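These notes concern the structure reproduced below.
The values are calculated or read from the model by the stated rules, or taken from the named source; none is laboratory data. The structure presented is a predicted model; accordingly, all values stated were derived computationally and were not measured. Here Cβ is always computed from backbone atoms with ideal geometry, including for glycine, and neighbour counts include all displayed protein chains. SASA here: full protein model, heavy atoms, side chains in, ligands and nucleic acids out. Shrake-Rupley method; radii C 1.70, N 1.55, O 1.52, S 1.80 Å.
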Amino acid sequence: MVTLPPNIKDLLAELIDRYRSQIDYLAIRIEAAEGADILLRGNRVETLSEGISIGGHVRACHKGGWGFASFNQLATLADRIEEAISAARLVGDEETLLAAITPIQDICVLPLTGTDPRQVSLADKKALCQHYGEILRSVSPQIATTSVRYGDSAQRVILATSEGTLLEQSWVDMEMRFAATARNGETVQTGRETNGSRKAYEDLVGLDAQVRSAAERAVESLSLPPVRGNTYTVVIDPILSGLFVHEAFGHLSEADMAYENPDLLEVMSIGRRFGPSDLQIFDGAAPAGHRGSYFYDDEGTPATTTHLIQDGVLVGRLHSRETAGKLGEAVTGNARCLNYHYPPIVRMTNTWIERGKTPVKDLFNDIQEGVYARNWLGGMTNGEMFTFTAGEAWMIRNGEIAEPVRDVTLSGNAFKTLADIEAIGDDFFWDESGGCGKGGQSGLPVGCGGPSLRIRNVVVGGEAVE
């Protein structure tokens, strides 16, 4: 198990005192990490590794300018501090505006509820991946390619700042991804499943049915007709709702996006109505037990729950200390970094749409022709525009679920789509499979959730209408 020197906190305190007077703000983040990474393609092992690392970074702010330096040798820490301070002093020419927080001295361990993956041998993890790979390949001779990916990471982080924060946090994160691609002539279809946890290794065991379903969906989709491209009323399941709120709306709620783009800041003005009166959207690391949960963010701000949309109206956004200070708003505890190679930036944590009151079966009422979409296969966003591909889909005819279809992509403008929500289901599901990417920091663990939604005027791509 990777360890830090026993006197590391004393060393950090000494260095902070030495350089405190030279800078407006100084933060040192030390990280010890260990983990495993396995990738199987077909029956071939492409990656099989365990690794440990010790490193850190320094952030310095002077007159609003930031300096950053990362390192993986503790002996060079003083040099890296001086580099970060020099860079900050070189670029700073305004005012340092960081929203105030109470300095924290705390030690926090995110508790596991079952087996720590560090207690499981690499051979056993490999055997689990091979077991799932065999399930994917066994579904049909039409399965052309398969992949199974396993990853776990245990991190211990110490944060010391010139304001008096001295914080230690540790956690373990695990994730598995499965994919199967089926082929029939030139027709190719893919099924995917992902599972993640910060609770126990057991959460990744016994997923046979989930894994098999990915391959079965790929094979079954080969014989399905493509959806006819059109504008439909669409019902989406909770997994797609969670993906939508994270990708299409959540990123727009990150205050650095708005602060750096005056046009977006004007669009995302507090008090503006974006959806129906029963729409509630939240983000927060405070709810326990999810992959985006923690006690303090990477600036030492306590985790919160932020109400983003209340009764259809924008009432909040996500902040680092700098964006909160510059916009004159309250901190939310959303400054996060993937690891010590990167500075913290504004990131989502657990993002969700609150459940509604409409029974799920009633979401389909009176839809003469529409689409019911479940699960996700892929997607992309560009500002306020989004395109998602559903993992499964059916036509809706005369208020009933009808024939299955394939190649269903849902596209639109996030703001218009929020306004077009017609009904919010009374179900809810947390998806713990998220790995978010932003600013070159990809794979940051997040959670997302929501209920089933009924949305009008959704552009559904597929085979062109004649």
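With the condition kept exactly as written, say whether any residue in the range 181-189 is crowded, with 21+ Cβ neighbours inside 10 Å, part of a strand (DSSP E or B) and touching a Ser or Thr at 6+ places or on another chain (Cβ under 6 Å). Within the range 181-189, one or more residues are crowded, with 21+ Cβ neighbours inside 10 Å, part of a strand (DSSP E or B) and touching a Ser or Thr at 6+ places or on another chain (Cβ under 6 Å). Taking into account only those residues within the range 163-180 that are small (Gly, Ala, Ser) and open to solvent by 20 Å² or more (accessible area, probe 1.4 Å), which is farthest from Leu222 (Cα to Cα)? Ranking the qualifying residues of the range 163-180, first place goes to Gly164.
If you check Ser70 against the conditions, is it open to solvent by 40 Å² or more (accessible area, probe 1.4 Å), under 28 Å from Ser170 (Cα atoms), of a type in the set (Gly, Ala, Ser) and in contact with a Gly (Cβ under 8 Å, 6 or more places away or on another chain)?
Values: open to solvent by 40 Å² or more (accessible area, probe 1.4 Å): yes; under 28 Å from Ser170 (Cα atoms): yes; of a type in the set (Gly, Ala, Ser): yes; in contact with a Gly (Cβ under 8 Å, 6 or more places away or on another chain): yes.
In short, yes.
Scanning the range 382-425 for residues that are in contact with a Leu (Cβ under 9 Å, 6 or more places away or on another chain), assigned to a strand (DSSP E or B) and under 30 Å from Glu260 (Cα atoms) yields a count of 6. Scanning the range 422-448 for residues that are closer than 13 Å to Ile236 by Cβ and open to solvent by less than 10 Å² (accessible area, probe 1.4 Å) yields Ile424, Gly425. Here is the figure for the range 64-94: residues that are more than 23 Å from Glu31 (Cα to Cα) and without any contact (Cβ under 8 Å) to a residue 12 or more places away in the chain total 0. Criterion first (open to solvent by 70 Å² or more (accessible area, probe 1.4 Å), more than 30 Å from Ala60 (Cβ to Cβ) and among the β-branched types (Val, Ile, Thr)) does Thr115 satisfy it? No: the conditions fail for Thr115.
Give just the number: which of (1) in contact with an Asp or Glu (Cβ under 9 Å, 6 or more places away or on another chain); (2) free of Cβ contacts under 8 Å to residues at least 40 places away in the same chain does Ala127 not satisfy? Result: Ala127 fails condition (1) only. Determine the pairs where a residue that is within 17 Å of Val120 (Cα to Cα) and free of Cβ contacts under 8 Å to residues at least 60 places away in the same chain, located within the range 184-208, has a partner that is open to solvent by less than 60 Å² (accessible area, probe 1.4 Å) and of a type in the set (Asp, Glu) with Cβ atoms under 7 Å apart, the partner being 6 or more residues away or on another chain. Short answer, once both residue conditions are applied: none. Listed by position, the strands (runs of 3 or more DSSP E) inside the range 1-113 whose residues that are closer than 30 Å to Glu134 by Cα, in contact with a strand residue (DSSP E or B) (Cβ under 7 Å, 6 or more places away or on another chain) and of a type outside the set (A, V, I, L, M, F, W, C) number at least 2 are 25-41, 44-62.
Of all the listed residues (Ser140, Ser170, Ser147), the sole one being among the hydroxyl-bearing types (Ser, Thr, Tyr) and closer than 20 Å to Arg291 by Cα is Ser170.
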